[in-house]
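The values are calculated or read from the model by the stated rules, or taken from the named source; none is laboratory data. Predicted, not measured: the structure shown is a model, and the values here were computed from it. When we count neighbours, we look across all protein chains shown, and the Cβ atoms used for this are built from the backbone with ideal geometry, even at glycine.
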Amino acid sequence: MRALASPLTGPDSPPISRLQPAIFPQPSALSPLPAARCPLPSALCPALTPFVRILLFANIGVFFLQTTVGWVTAAMIFVPRLILVRPWTIVTYMFLHAGVMHLAFNMLALFFFGPRVEERLGSRNFLTLYLISGISGALLSLIMGPSAAVLGASAAVFGVMLAFAWFWPDAPIHIWGIIPVPARMLVIITTVLSLWSGLGGGGGNVAHFAHLGGYAGAFVYLKWLDRKRLEFRKRATTSPPVRELKFTKRPEVDLGKVHEVNREEVNRILDKISAHGMSALTAQERLFLSNFAPPEDKTPPVS
C-alpha cells in the first residue's frame, strides 16, 4: 500500500488505504432522465441540490487544507485500531483524499448521482444516507483491516450510488463514457470486484471493504426508510375501528329527550331489539343508540 506523507507515516506507521471508486461515469455517462433538471441546456445532469453542493465544497475545502496545513491529514485520518482514542475520525476521514485524481473521481460521482438521490429522499435523509454509508465503511474496515489507515469519500459515495440504483435500477450508466450498464448491474459489478480484490489481497492501496461497508450501510438505511413509509401509509389508509358499546340490557330510552330528527331512527332500533334481541344490532346501530341510553345501561368499550 502507498503511504501518504503525513505525521502518521513512517517505518512503524499503519499503511494508508485510499477509498477510490473502481468505475464511475464520465461527464457523458448519465443518459438524460426525465426528472432531472439541468443548469445548462446541454448538461446531462440535474441541478446541484443543497447538500450535494455543501459536500462538494466541504471535500474540496478540506483537500485544500490538506495541501496547505500539514497536520490536517494526521488529525482527520481514520486508523481503525485507534478508534477509541480518535473517535471523531470515523466521520472526518471521509472528507480527506490522497490526491487530485482521487478527489476528482469521488466528487464526479457525487455530482452525477447525488442530486437525483437527494431530490428523491429529501435533503435530511440524503445527508443521513451519506454519513451512514461512510461510517459503515469505516466500521467494516475496522473488522476486516484494523491496521490500515483509511481516507476518502468513496464509502459514502458508494452508498449514494446504491441509492441511485435502488430507485432507478435500469437507468443506463456509461462506464468511462463508452459501455452502457444498468445502474443495478453497476452495483453488482463493483460489489463483486470489491469482494474479489479485498479477499484476494490484490487491492493495492484501495480500501475495498470500506466500499462494501458503504453499500451495506446504505442498503440497511434504505430498507428502514421503506418500512417506515409502508407503516405510515398503512396507518394513513386504515380506518379506525368502530367503538362498540356493549349494552347490559335493553336500554330504557326517554324518547321525550330525543330530538325529533333522531326519534324515528331510535324507535326503529328499539323495535328491532324487541323483535330480534340485542344480538341483532349492528355495530353502527349500537353506537348510535349509545348516545341516548342512560350510563347505567351500557358498558364502556375497552381501548
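Quick notes on this one:
- Any hit, the range 203-217, residues being over 26 Å from I54 (Cβ atoms), in the same structural domain as E119 (by TED's automatic domain parsing), in contact with a strand residue (DSSP E or B) (Cβ under 7 Å, 6 or more places away or on another chain) and among the polar types (S, T, N, Q): yes
- Taken together, the criteria exclude E244 from residues that are at pLDDT below 75 and either more than 53 Å from the chain's Cα centre (by Cα) or under 28 Å from G122 (Cα atoms) (or both).
- Being at pLDDT 95 or above and out of contact with any strand residue (DSSP E or B) (no Cβ under 9 Å at 6 or more places or on another chain) holds for only one residue in F126, F105, and it is F126.
- Of the helices (runs of 4 or more DSSP H) entirely within the range 65-165, those holding at least 1 residues that are within 28 Å of M185 (Cα to Cα), touching a residue at least 12 places away in the same chain (Cβ under 8 Å) and of a type in the set (S, T, Y) occupy 123-144.
- Every residue from the range 138-154 that is buried (at least 23 other Cβ atoms within 10 Å of the Cβ) and within 14 Å of I77 (Cβ to Cβ): A138, S141, A149, V150, L151, G152, A153
- R235 within 26 Å of A163 (Cβ to Cβ) and either surrounded by 15 or more Cβ atoms within 10 Å (Cβ to Cβ) or modelled with pLDDT of 75 or more (or both): no
- Exclusive hit being within 18 Å of P115 (Cβ to Cβ) and either at pLDDT 90 or above or not assigned by TED's automatic domain parsing to the domain that holds F78 (or both), set L151, L162, L140: L162
- All of (1) under 19 Å from L212 (Cα atoms); (2) out of contact with any strand residue (DSSP E or B) (no Cβ under 9 Å at 6 or more places or on another chain) hold for P87 with one exception: (1).
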